[in-house]
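Taken together, the values in this text are just the output of simple stated rules run on the coordinates, not laboratory data. Keep in mind it's a predicted model, so treat the numbers as computed, not measured. Here Cβ is always computed from backbone atoms with ideal geometry, including for glycine, and neighbour counts include all displayed protein chains.
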Amino acid sequence: MSSRSRAVLGSTGVRARQWLWALPLLGCSGCNQTIEIYQVELNGAVQATAGSPATGPVSVELFHASSGEGELAHPLEFIEQFQIETPGEFNHTLNYPTTGGDGLVIYAWQDRDGDGVLCALGREVELAGLVEVTPFPVHEVEIDLLMDQPCAGPEAMFPP
Amino acid sequence: MHRCTGRLLVFLAGAGFVLHPTVRAAEGASLPEHPAFDMHGGGSKPGSWAGGMQAGFPWQAVHLQYGLEDGWTPFVEVSSALLQRNEPSIGLALRWVDRPRVRVTGEVLLGWQVQTGVLAHSGPSMALRVRAAAWVGRRIMPYTAWTTRHTLLIDRTALETASGTETSLTAGPRWDALGVVGVAFVLSPRVGLELGVEYPRTDGSTVTLPGVHLGLQFGGRP
Amino acid sequence: MRHSWPVIGLLSLLMNACSSEPAELGIYVQGQHLAVVDMHLHPGEWSQIPPDTQAFLASRFPFPLNLIPEIAASVTLSGEGILGEMDKAGIHAGVLFAVYAPQTVGIASNELVGEQVAVDPERLYGLASLRVDRWNTDADLELQRLEEAITTYGMIGVKLAHAHMHFRMDDARYFGIYELAGRLGAPVYLHTGTSPFPGTSREPPYTDPAYLEDAIAQYPETVFILGHLGYDFENHALGTLEHCLRLARDYPNVYLEPSALGSVGSDPESVNLPKVMKAIRDAGLVDRTLYGSDGPQSPGFVNTYLQRTVTAMTASGYTVNEVRAVLADNFTRIFHLPAIQP
């Protein structure tokens, strides 16, 4: 199971709509930071290549296609990961952080042996696939992703 | 009870204790009314004013206060650590203890904390401070001051959906504290000098380095 | 910053207040004077570190240095600063690492390392690195640049960090790096184990050196130095140490390096580093172990780490000759450099 971490700084308070009363006073010029989220409804299908098992959890990982500036610009900045129970149709709501990068890449791999690791040593060969969503940003995305690359991390497939 | 509400109630209770008339100084002989003593012991007699500037590592500060009736002393203050963490405040002080050789004052401050750089944050800030000073000779006064500061970091989230944008606010607390120990010297009837050592405690910082400063105090009656 | 120069001066003064005398290099173990090479040191530029990592690093600086992390870091990340830390620790020679991890720890280019090595080429060496984040299109170009850095700029080896650079250890598409390194006689240093930095990979194919076995077996002429010995920096645990030891036992081209895992931050009770050094000796792998610290990190870290490692070795029964081998002789042998006289 992908467990890439992402350092996020900021307050950890409970959502507090009662503080809206302060908005007129502050004009929110006094806000600590403004977090801009673009909501995306992901729909589609994740399929394994013909002849592969039809069952087994699928790990889906979402990335910015590019992030950073200058020499630090790089592809595949991790956003989040979720799981679907079996290859097939899915839908998922993504809160896309607009300041983290640009574009959207969807990567998925099928955890046939349920060990949480893509192609762990001595275990089954597992398949992965990747699609880049274009055009983006759009609020509704429809994808068709085929997992046909054995033991391939996302970096093996993107940039192509 | 939500953690922020609880802390706010505790703070208001502390402020009320600090400023309650029953803990005001008793009448009678008291520390000499010198700007240095007023700055570090706290409070000013009615009609007197005092000001101070300090420079050091990491803190610099400017403070101005004016004495009103019944022991109240409003003041304004700006402090800055390396010009990266800046804390402008207005405050109100009240002498609790005013004896021939000892003065203890409580202060309440309201203001803002703005920090720049990679750990930037900004938010309204409230602080409670206790000052204590003792007169050990004609011109020397050791002092100490302890401040607890509570800042609210308000984040705004704008969620853009297909049907529009929703805005929400979340708030998180931040706590800092600062202890100062030093000694003040009378240079002339209106000017004093002081040297102090600071012991900070900051939210999220596991280790803090002590600081040191040199300060100048001045004041008098208009 | 307008006010940066007085602060830099003050910090430098504080750090060097006691170093007006020329440093005596080397350390004494059981009365014998030993040379020391620290083969794991990081130069860098604050501006070449991604913002999340800048915030992560700054949050670990003490107040008020966390308000001016760029200035605090610049004091120690330069070649002069690193030499100063080496002097305080009595270290004869150090190896500076190039890094190309734009997503995680940032970039310290081959050119930067070359410039810092030039500050004192008698005492500083460099390991080159390359970008892998656009490998499908840029592999040939990056391998060419790597070869230039080694043959033209005098770099003595290669530095890789799969967890930071986000590529699998068993992905054969990258094996051209090992072929090149073996052909040029340039040992390859690899970060193994997890990493505390934001954005790094934590899955086993990116951190467990067992996934390197195919490459190790396929390129017997290439020296693989397993850095950090598979340490789990998140949980302060030994991680995949046993895999490192097994690989070193099974393959003569595998070497070990115990940097960072024994620091105050990563091993606060000083429990794991002694276990690691004892395990190395028990496995008969002392002659395959090279000393490194992963400094400079903060003033005094390089010296403290050396002391902790020597203490761990002597507590584990290392003879003076074994300590000498770990601290310098194994390094000069592997990298084909003249022996260092203390």
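Among B:V104, C:V188, the order by Cβ neighbours within 10 angstrom, fewest to most, reads B:V104, C:V188. Summing Cβ point charges (Lys, Arg +1; Asp, Glu -1) relative to the Cα centre of region B:88-209 gives a dipole of roughly 960 debye. May I ask you to derive the FRET efficiency for B:M53 and C:E148 from their Cβ-Cβ distance with R0 = 45 Å, giving the value to the nearest 0.05? That pair, B:M53 with C:E148, gives E of 0.20. Inter-chain neighbour count for B:113-125: the average number of beta-carbon atoms from partner chains within 10 Å of each residue's beta-carbon is 5.
Between C:N136 and B:T161, the modelled label-to-label distance comes to 3.5 nm, taking each label 7 Å out from Cα in the direction of the beta carbon. Exposure here means at most 13 other Cβ atoms within 10 Å; with GluC sites (Glu not before Pro) in a DSSP loop as sites, the longest stretch of chain C lacking them is C:123-220.
Projecting the Cα atoms of C:F63, B:L92, C:P296 onto the charge dipole of the protein assembly as shown (Cβ charges, centred on the Cα centre) puts B:L92 farthest toward the positive pole. Take each residue in B:167-178, count the other chain C-beta atoms within 10 Å of its C-beta, and the mean is 5.
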